[in-house]
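The values are calculated or read from the model by the stated rules, or taken from the named source; none is laboratory data. Keep in mind it's a predicted model, so treat the numbers as computed, not measured. Note that we place each Cβ from the backbone using ideal geometry, even for glycine, and neighbour counts take in every protein chain shown.
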Amino acid sequence: FDKLKSGLAKTRDNFSSRVDGLINSSKVIDEEFYDQLEELLILADVGAKAAESIINDIKKQVKQQKLRDPEQVRALLKDELKRVLSKNAASKDMDLYPRIILVVGVNGVGKTTTIGKLAYKFKQDGRKVLLAAADTFRAAATEQLEIWSQRAGVDIVKHEEGSDPAAVVFDAIQSAKAKKADVIICDTAGRLHNKKNLMEELKKVNRVVEREYPEAYKEVLLVLDATTGQNAVSQARVFKEAVDINSIALTKLDGTAKGGVIIAIADELSVPVKYIGVGEGIDDLQDFEPQNFVSALLD
Ligand code: GDP
């Protein structure tokens, strides 16, 4: 929790401190107060739609409960944020093994780092992990992934640069079966500018998984970078059109004052945020829990 709280320091400074300022300096709950609160939500990248729905719900509550003191809005705001963040809370699929996780996302969002952290996390939980370097498009991607596999102390399956990603995944599956691995985490190429190729490539990988590993639980994890604000939301929309995404990892929350984007994502995308990145270290990936998150942000 402390790690989360310090990771959210920039967003706290930007959003929470200003909410405090607004509440402390307001004498009444009027339209001016609501406008300013909505403005603060938008500045934190909550997104116009989510901000409006949050403000409207708070208004309703204030009316129903006949509240007058701005201080009382603080609890309402917390409840609202929890409500939105819980909308698509990750279902408890944690115990389904073997599993294969296809990790997708554009380059630079923290995909490789997240895979490394995730491998470490599963390993800490006593799971046997195998990485598959299926971003064969960039040689650097495989090298980076290899470094992370060493850090996390897990095996990796890789091929030469330019080889067929589906072939890497095929080999990883055979290797996972032979070694009785619990989890395969596959890196994939993040070429969003060429949506058609990306889609074809992922489809091919999908077919291999379905044919070779029907007993595995398949998860498609989209990695998004919180520092890109509303861009993260539009990336998510594009990926959702191309593939069936089951879950989201939101990285670099520690590097942005716009952590409110997590609310826009939860509000808009019927896909649960499952993990959040709060630093560059191997243990800086946390399971996302709305309750904790809102406390770390506003308490
Ligand atoms: P990829 O191109 O998507 O594979 O991105 P990388 O995994 O190489 O990460 C790009 C940069 O983001 C690296 O410098 C990482 O250390 C950094 N990064 C990734 N996740 C986080 C995070 O949660 N917090 C911070 N502060 N940096 C991160």
Looking across the range 21-72 at residues that are more than 19 Å from Thr11 (Cα to Cα) and among the acidic types (Asp, Glu), the single one that is surrounded by the fewest Cβ atoms within 10 Å (Cβ to Cβ) is Glu31
Some residue of the range 207-216 being surrounded by 15 or more Cβ atoms within 10 Å (Cβ to Cβ), within 13 Å of the ligand (Cβ to nearest atom), outside any helix (DSSP H, G or I) and hydrophobic (A, V, I, L, M, F, W, C): no
In the range 46-66, how many are more than 16 Å from Leu298 (Cβ to Cβ), in contact with a helix residue (DSSP H, G or I) (Cβ under 7 Å, 6 or more places away or on another chain) and not in a helix (DSSP H, G or I)? 1
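Here's the yes/no breakdown for (1) under 19 Å from Lys179 (Cβ atoms); (2) among the β-branched types (Val, Ile, Thr); (3) touching a Ser or Thr at 6+ places or on another chain (Cβ under 8 Å):
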| position | (1), (2), (3) |
| --- | --- |
| Ser86 | no, no, no |
| Leu118 | yes, no, no |
| Lys123 | yes, no, no |
| Leu145 | yes, no, yes |
| Gln150 | yes, no, no |
Given the conditions (1) at pLDDT below 90; (2) under 28 Å from Arg127 (Cα atoms); (3) charged (D, E, K, R), every one holds for Lys158 apart from (1)
How many residues does the range 110-141 contain that are within 11 Å of the ligand (Cβ to nearest atom) and touching a strand residue (DSSP E or B) at 6+ places or on another chain (Cβ under 6 Å)? 6
Every residue in the range 1-45 that is of a type in the set (Phe, Trp, Tyr) and not in a loop (DSSP other than H, G, I, E, B), please. Phe15, Phe33, Tyr34
Right, Lys180: in contact (Cβ under 8 Å) with a residue 12 or more places away in the chain, touching a strand residue (DSSP E or B) at 6+ places or on another chain (Cβ under 7 Å) and closer than 22 Å to Lys123 by Cα or not? no
Output for the range 252-273, where each listed residue is in contact with a Leu (Cβ under 7 Å, 6 or more places away or on another chain) and either of a type outside the set (A, V, I, L, M, F, W, C) or surrounded by fewer than 19 Cβ atoms within 10 Å (Cβ to Cβ) (or both): Gly259, Gly260
State whether the residues of the range 249-270 include one that is more than 17 Å from the chain's Cα centre (by Cα) and either within 30 Å of Asp171 (Cα to Cα) or at pLDDT 95 or above (or both). no
State all residues of the range 94-103 that are modelled with pLDDT of 95 or more and either among the aliphatic types (A, V, I, L, M) or within 16 Å of the ligand (Cβ to nearest atom) (or both); if no residue qualifies, say none. Ile100, Ile101, Leu102, Val103
Cβ-Cβ under 6 Å pairs, at least 6 apart or on other chains, the range 36-58 side at positive phi, far side assigned to a helix (DSSP H, G or I): Asp45/Val261; Gly47/Ala264
Selection status of Val106, within 16 Å of the ligand (Cβ to nearest atom), under 26 Å from Glu241 (Cα atoms), of a type in the set (A, V, I, L, M, F, W, C) and at pLDDT below 95: yes
Pairs where the first residue, in the range 99-119, is on the phi > 0 side of the Ramachandran plot and of a type in the set (D, E, K, R) and the second is more than 8 Å from the ligand (Cβ to nearest atom) and part of a loop (DSSP other than H, G, I, E, B), C-beta under 6 Å, 6+ apart: none
